[in-house]
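The next block holds one structure in the form of C-alpha cells; read it before the comments.
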Amino acid sequence: MADNDNQGDMGAEALASAPLGRRAVMGRMAALSVVPAVAGSGIFGFAASAAAATDAGLNARHLRYAVRGGKIIDGYFAAPQGKANLGVVVVLHGEAGFDAKAEETARRYANAGYYAIAPDLRATFKGSNHGAMVAEMIETAPGLKRLARGNGKVSLVSA
C-alpha cells in the first residue's frame, strides 16, 4: 500500500477523505507518544489545568495541545465522554479576549457531539491584533484534523 502522507496541494475535502498508508499511521502514532514531552503531561499531549468540566457527559478543561510544526494551542477543550470520530469546531473569541462566553459556546458544541476547542488567541499567538491572531488560527486549524478523537473535519465559528 502506498504511503499517502505527501498530499501537499490537495483541497480540504480531498485531504480529509484521502486514505492513509501504514507508514503514515505508524508515524502519527509515534508522534503521539512524543507530544506529551512537548506539551506537558497527560494523554495525547494534553496538559490539564485545575479547571473541571461542569457538564457530567463532557471531558472539558483548559489544556495545551501541540500541533504539527511546534505550535502549541492554549485554550479550552471540550468533547463528549467516550465518543470518537468527532467533527472539530474551533470557537474564536471576540476582540475583548478569551472569556466565559467562548467556553460556554464550546460546551454547547461538545454537548451537540463535536470536539470543541476555544483557543485563547492571545496566549497562543502572543499578539495584540485580533485580526492577525484570527488569521494565524485559520492557518493553524488544518493541523487539528489529526486529533486522536477527530474525524478530520475542522470548522471555525465565532463565540
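The values are calculated or read from the model by the stated rules, or taken from the named source; none is laboratory data. If you're wondering where the values come from, they're calculated on a predicted model, not measured in any experiment. Using ideal geometry, Cβ is built from the backbone for each residue, glycine included, and neighbour counts are taken over all protein chains shown. We work out accessible area using only protein heavy atoms, side chains counted, and drop any ligands, DNA or RNA first. Shrake-Rupley method; radii C 1.70, N 1.55, O 1.52, S 1.80 Å.
Annotations for the structure displayed:
- Sites listed here are GluC sites (Glu not before Pro) in the stretch 67-129 whose DSSP assignment is loop and whose Cβ has at most 16 other Cβ atoms within 10 Å: GLU95.
- Calculated FRET value between ALA112 and SER158, using beta carbons and R₀ = 25 Å, to 0.05: 0.95
- A full extension of the chain between ASP55 and ALA96 corresponds to an added length of 12.2 nm, given 0.36 nm per residue minus the alpha carbon distance.
- The largest accessible area among ARG108, ARG122, ARG68, ARG149 belongs to the first residue in ARG68, ARG108, ARG122, ARG149, and the rest follow in falling order (1.4 Å probe, all chains).
- Rounded to the nearest 10 Å², the accessible area of ASP74 at probe 1.4 Å: 30 Å²
- Farthest toward positive dipole pole in the stretch 66-157 [+1 Lys/Arg, -1 Asp/Glu at C-beta], among MET133, GLY143, ASN85: ASN85
- Simple spin-label estimate for ILE138 and ASN151 in nanometres, 7 Å along Cα-Cβ: 2.5 nm
- Within-11-Å neighbourhood charge of ARG108 [Cβ basis; K, R +1; D, E -1]: -1
- All other residues whose Cβ lies under 12 angstrom from that of VAL134 are scored, Lys and Arg at +1 and Asp and Glu at -1, for a net of -2.
- For the stretch 54-93, the fraction of alpha-carbon pairs in successive 10 Å shells from zero, as %: 25, 52, 22, 1
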